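Just below is one structure, and these are the notes that go with it.
The values are calculated or read from the model by the stated rules, or taken from the named source; none is laboratory data. These numbers come from a predicted model, not from an experiment. Because the Cβ atoms are built from the backbone with ideal geometry, glycine has one as well, and the counts that use them run over all protein chains shown. Just so you know, the surface numbers come from the protein's heavy atoms only, side chains and all, with ligands and any DNA or RNA stripped out. Shrake-Rupley method; radii C 1.70, N 1.55, O 1.52, S 1.80 Å.
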Amino acid sequence: MIGLGCDHGGLELKNVIIDYLKKNGIEYKDYGTYTSESVDYPKYAKLVANAVASGECDRGILICGTGIGISIAANKVKGIRCALCHDVFSAKATREHNDSNILAMGGRVIGPGPAVEVVKAWLETDFSGDERHLRRIKMIEEE
Ligand code: RB5
């Protein structure tokens, strides 16, 4: 189950991602926002981050205007590794190396075609499980 969230700056791109997930039979839960009315991105970041941290969702995708605010907010939740990616190389690398559990993008930064490629790469790439990457992730989690 993929948790989705956005603010007004990410709504259009979130709908593109929803179309992609639907077409590919990938289950998702949409935590809002659902209209173009201006809203505060931390609310949606936390809804999705908490859903992923609790296990309600396996992974999440968050979109705001730049992807920056919403990723900063998501990374405040313990256990969340939210990666802001606007290219396929980073999307694959952050899965392989960081085991990122949330992908963030900016609806005002990337077009729909490239964004779908980023989502596809991120969803289809597994964590490498390499000892050095596990060690580094553990270091991130340490208080
Ligand atoms: C909203 O105008 C905008 O600030 C937000 O979508 C995001 O880009 C923040 O980082």
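Please give me, ordered by residue number, the GluC sites (Glu not before Pro) of segment 1-59 that lie in loop per DSSP and have at most 16 other Cβ atoms within 10 Å.
Numbers: sites: Glu12, Glu27, Glu37, Glu56; in loops: Glu27, Glu37, Glu56.
Sites meeting the loop and neighbour criteria: Glu27, Glu37, Glu56.
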So for the pair Glu141, Lys43, with labels modelled 7 Å out along Cα→Cβ, what separation do we get in nm? 3.2 nm
Cβ crowding within 10 Å averaged over residues, with 58-71, 92-105, 124-137, 75-88 ranked highest first: 58-71, 92-105, 75-88, 124-137
Which percent of the accessible heavy-atom area of segment 65-139 goes to carbon and sulfur, probe 1.4 angstrom? 56 percent
Within segment 66-94, the residues whose backbone N lies under 19 Å from a label point placed 7 Å from the Cα of His133 along the Cα-to-Cβ direction are 79-94
Average Cα contact separation per residue, the chain, under 8 Å, 6 or more apart, as relative contact order %: 25 percent
Kindly report the accessible area of the chain per residue (heavy atoms of protein chains, probe 1.4 Å, no ligands, DNA or RNA), in Å². 51 Å²
Where does the chain land at 222 nm, in deg cm²/dmol rounded to the nearest 500, when only DSSP H runs of n ≥ 4 count, each adding -39500 (n - 2.57), divided by all residues? -15000 deg cm²/dmol
Cα-only Debye scattering, the chain: base-10 log of I(q)/I(0) at q = 0.15, 0.16 Å⁻¹: -0.65, -0.75
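Tell me, what does the Kirkwood hydrodynamic radius of segment 16-73 come to in angstroms if you use every pair of distinct C-alpha atoms? Before the final figure, lay out each step's value.
Numbers: mean 1/r = 0.0817 Å⁻¹.
Its Kirkwood hydrodynamic radius stands at 12.2 Å.
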Name the most mobile residue of Val16, Val48, Val116, meaning the one with the largest mean-square fluctuation, in a Gaussian network model of the chain with Cα contacts below 10 Å. Val16
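On full extension of the chain, what length is gained from Glu117 through Lys76, given 0.36 nm per residue of separation minus the C-alpha to C-alpha distance? Could the numbers behind the result be given before it?
Values: separation 41, 0.36 × 41 = 14.76 nm, distance 2.70 nm.
Result: 12.1 nm gained on full extension.
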